[in-house]
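The values are calculated or read from the model by the stated rules, or taken from the named source; none is laboratory data. Not measured: the values here are computed from a predicted model. Every residue, glycine as well, gets a Cβ built from its backbone with ideal geometry; the counts of neighbours run over all protein chains shown. Just the protein is used for accessible areas: all its heavy atoms, side chains included, with ligands, DNA and RNA removed. Shrake-Rupley method; radii C 1.70, N 1.55, O 1.52, S 1.80 Å.
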There are 2 protein chains.
Amino acid sequence: MFATLADLPTPVLLLDGFKVARNLERMRAHLAPHGVVLRPHMKTAKSVAVMRDLVGGPETPITVSTLKEAEVYASAGVKDITYAVGISPDKLDRVAAIRKGGCDLSVILDSVAAAEAVAAKSRETGDAIPALIELDADGHRAGLQSSRGEELVAIGRALVDGGAYLKGVLVHAGESYAEPGEAAIRASAEGERATAVGAADKLRAAGLPCPTVSVGSTPTATFGQDFSGITEVRAGVFMFFDLVMQGLGVCGLDDIAAGVLATVIGHQPDKGWTLIDAGWMAMSRDRGTSALPVDQGYGVVCDPLGKPYPDQIVIKASQEHGIVAARPGSAAKPLDLPLGAKVLVLPNHACATAAQYDAYVMTDARRPGEVLGTAPRFRGW
Amino acid sequence: MFATLADLPTPVLLLDGFKVARNLERMRAHLAPHGVVLRPHMKTAKSVAVMRDLVGGPETPITVSTLKEAEVYASAGVKDITYAVGISPDKLDRVAAIRKGGCDLSVILDSVAAAEAVAAKSRETGDAIPALIELDADGHRAGLQSSRGEELVAIGRALVDGGAYLKGVLVHAGESYAEPGEAAIRASAEGERATAVGAADKLRAAGLPCPTVSVGSTPTATFGQDFSGITEVRAGVFMFFDLVMQGLGVCGLDDIAAGVLATVIGHQPDKGWTLIDAGWMAMSRDRGTSALPVDQGYGVVCDPLGKPYPDQIVIKASQEHGIVAARPGSAAKPLDLPLGAKVLVLPNHACATAAQYDAYVMTDARRPGEVLGTAPRFRGW
């Protein structure tokens, strides 16, 4: 094992477990007074170790984005999982197998066709598969629009009459990722809540059950004030945070728990460029901050302990090269670091950057420079 | 195993071995009359099976972008590898270990500091590490600029006098990826050639050796006409090709060997959207075509056998959702595919998309719909 950051081969993904725990604690404290369940989205972490050691262990209900995640977390003992991407018929055998293994896996859907497929599989297996009807609050991607009240009820009836279990409704305010500032995000949170509660009311008025009313995204969960009518909140990236969340005002730079440690591999002195061995393969191609008021390039460059160098970002990336320079328009002097020096780069989007690695190297802000171990990640579908 | 495409769990990465072989054959046929060695860049494939079965086996000299690639390919018997990213001192122990294992691994560098580190490691191990001096032809990223002739010679002397092996010079016309059309790319190829030959001449005039004069990128290798003074050509993505290369005019859509098979998971009928289970995790966040005349979104949507649906692209992607719609401005009707139907999505950038997977599912254009097996990939550093 490597005892200190200086010994690590680069590029390598660091995860500060202290910050992850603090981010989780803060979110739980924010939601606790509202009596809603936090169902963390484990698509960012994709790690049994993180689930077990930092998120609350297998008793915590979770959200996932792939059946692979559901399979891995269920094998690790998680008993309550929502697979929050629209189900297609070809995936139902895997859903049935996970449920048969003892995990209460729920699916989501937004059409009568999908409801009928889930109902048919429920009848075939003799196990009523729980399904949430996905709603669209803001035109972001999937989900039934509020105007389609008749279809909502038809989907509910197809589930109930067909032998599945209508578990409730679910909505994700995906557009909240594009709206900087607390006021805009609060409006988005209220839109999410109203959409979910409105649909739950419609189902109940039609004599259908709706025990679960699920909302969530990191921005809306963070700034939401009113959760009346809601039973659970889903959020994921808040565990790690990233530059997109910081750019939206959802967290500070110091809350970002994941970063890529890299090594200086060269310079272009005439241009003020420092080249590092973290290119887009190490950072991912995610440029989420390009749509925000402050474009952070491929990441904010810090010393190895996470203190940002003023205005230094990765302005450009090839597969294995990152070019560090002052932010366009800044008068900051170029970095003055020799060949072989180490830097830490904070990512645009923790989900995308973490996906480039098979493990986290665990650190702790209270023990600067120390390496505490590794936590394996998984990936795939 | 899965016998046909219809049986595959999605998203999944398909690789047409027939097209890979054809792309390689075409490149070799183009270069053969010029008497230059093709040193394929294996950073796209990252697969021992692809190296062994499609690229020519361990006798073929190769290029790599990480020491992990060098280690894996060397373990599989490859004897001649160039690690074509600037070396930093902390990586030299791994370089020495790979060389000790019997692989003739070369490094590249563009500073006296790096040359001195390579020379010091050469003296320490008693093994003269071969180094190529990296040159900058177009301001793309790393490499010594032509104006720095004195530094070029100083680097050469630091290697030779210090006990390393000055193997030659190397240049990559990275800006050729941003210049559509054969004429622009030919100019780029000539710039690459002139830069390399000019530097080789300077080294020789100073009494230094320069046996290897290495150039290359897929566009310049494809359209280059004059290779005089050049000893080897490097190129990588041409094996698989992708929408960026197609957009530059370097290949046709039908030459693209890699694609992501995905499943329809929903619809937004009011918007003409079809949702698929290939989001940016499946396609990567690479949007290379956004800078080209035709923006292909997150990919061109085809039937499972690779026939494009006219003007249908992935216009938007979340982590696990792709939104398929007609290209902006197109009058094409929305896709009319039911829940559960399969599509094949051609990627912007094969290197980035392939990196999202642990294996290729192998297909062959001459045996449509059949699954021939899987070829494992690796990743990491």
Selection of GluC sites (Glu not before Pro), the range B:1-69, meeting DSSP coil and at most 11 other Cβ within 10 Å: B:Glu59
Calculated FRET value between B:Ala359 and B:Ala205, using beta carbons and R₀ = 41 Å, to 0.05: 0.25
Choice from B:Gly143, B:Gly35, B:Gly322 with maximal GNM fluctuation in chain B (Cα, 10 Å cutoff): B:Gly35
Cβ-derived FRET efficiency at R0 41 Å, B:Glu370 paired with B:Gln225, nearest 0.05: 0.55
Computed over the range A:78-135: relative contact order in percent, which uses C-alpha pairs under 8 Å that are six or more apart: 39
Sequence-separation-based contact order of the range B:224-290, relative, with Cα cut under 8 Å and 6+ spacing, percent: 23
Other-chain or far-sequence residues with amide H under 5 Å of A:Gly373's (modelled H): A:Met362
Residue-normalised accessible area of the range A:1-141, expressed per residue, 1.4 Å probe, Å²: 35
Among B:Lys271, B:Lys43, B:Lys202, residue whose mean-square fluctuation peaks in a GNM of chain B (springs only between Cα atoms under 10 Å): B:Lys271
Nearest-0.05 FRET efficiency for A:Glu182 and B:Ala194, computed from C-beta distance (R0 56 Å): 0.50
Heavy-atom accessible surface that A and B bury in contact, both chains counted, 1.4 Å, Å² to 100: 5000
For the range A:258-381, Kirkwood radius (reciprocal of mean inverse C-alpha pair distance, Å): 14.8
Percent breakdown of C-alpha pair distances by 10 Å bin, ordered from the shortest bin, for chain A: 5, 23, 29, 23, 13, 6, 1, 0
Residues in the range A:54-80 reached by a label modelled at A:Ala32 [backbone nitrogen below 19 Å; 7 Å Cα→Cβ]: A:54-57, A:59-61
Within the protein assembly as shown, percent of DSSP bridges classed antiparallel, to nearest 5: 50
Between helix A:17-31 and chain A: long-axis angle, C-alpha atoms, 0 to 90°, nearest 10: 40
Shortest-first distances to equivalent copies, position A:Gly101, nm, label 7 Å out along Cβ: 3.3
Taking all pairs of distinct alpha-carbon atoms in the protein assembly as shown, Kirkwood radius in angstrom: 27.0
Residue of chain A whose Cβ sits closest to the axis mapping A onto B, with distance in whole Å: A:Arg285, 2
Chain B: angle of helix B:149-162 to the longest principal axis, Cα-based, in degrees nearest 10: 70
Shielding by partners, peptide B:268-281 (average Cβ within 10 angstrom, other chains): 4
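For the range A:175-240, give the magnitude of the charge dipole about the Cα centre (Cβ charges: +1 Lys/Arg, -1 Asp/Glu; no others), in debye to the nearest 20.
So the dipole magnitude of the range A:175-240 works out to roughly 240 debye.
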Label zone at B:Ser330 (point 7 Å along Cα-to-Cβ), backbone N below 18 Å, the range B:347-369: B:347-349
Among B:His349, A:Leu14, B:Ser330 the positive-end extreme of the charge dipole of the protein assembly as shown (Cβ point charges): A:Leu14
Top positive-direction residue, dipole computed over the protein assembly as shown with Cβ charges, set A:Ala178, A:Val153, B:Pro209: B:Pro209
Shielding score for B:57-67, defined as the mean number of other chain Cβ atoms within 10 Å: 1
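Give the average, rounded to an integer, of partner chain Cβ atoms located within 10 angstrom of each Cβ in B:370-380.
The mean count of partner-chain Cβ atoms within 10 Å per residue comes to 1.
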Dipole moment magnitude, nearest 20 debye, the range A:131-232 about Cα centre, only Lys, Arg, Asp, Glu C-beta charged: 300
Estimated [θ] at 222 nm from DSSP helical runs (n ≥ 4, -39500 (n - 2.57)) normalised by residues in chain B, nearest 500: -8500 deg cm²/dmol
Relative contact order for chain B, counting Cα pairs under 8 Å that sit 6 or more residues apart, in percent: 20
Dipole magnitude of the range A:1-109, debye to nearest 20 (Cβ charges: Lys/Arg +1, Asp/Glu -1, about Cα centre): 180
Positive-end residue, the protein assembly as shown charge dipole about Cα centroid, Cβ charges, pick of A:Ala114, B:Ala3, B:Tyr83: B:Ala3
Of B:Ala196, B:Ala258, B:Ala206, the one that fluctuates the most in a GNM where chain B has Cα springs shorter than 10 Å: B:Ala206
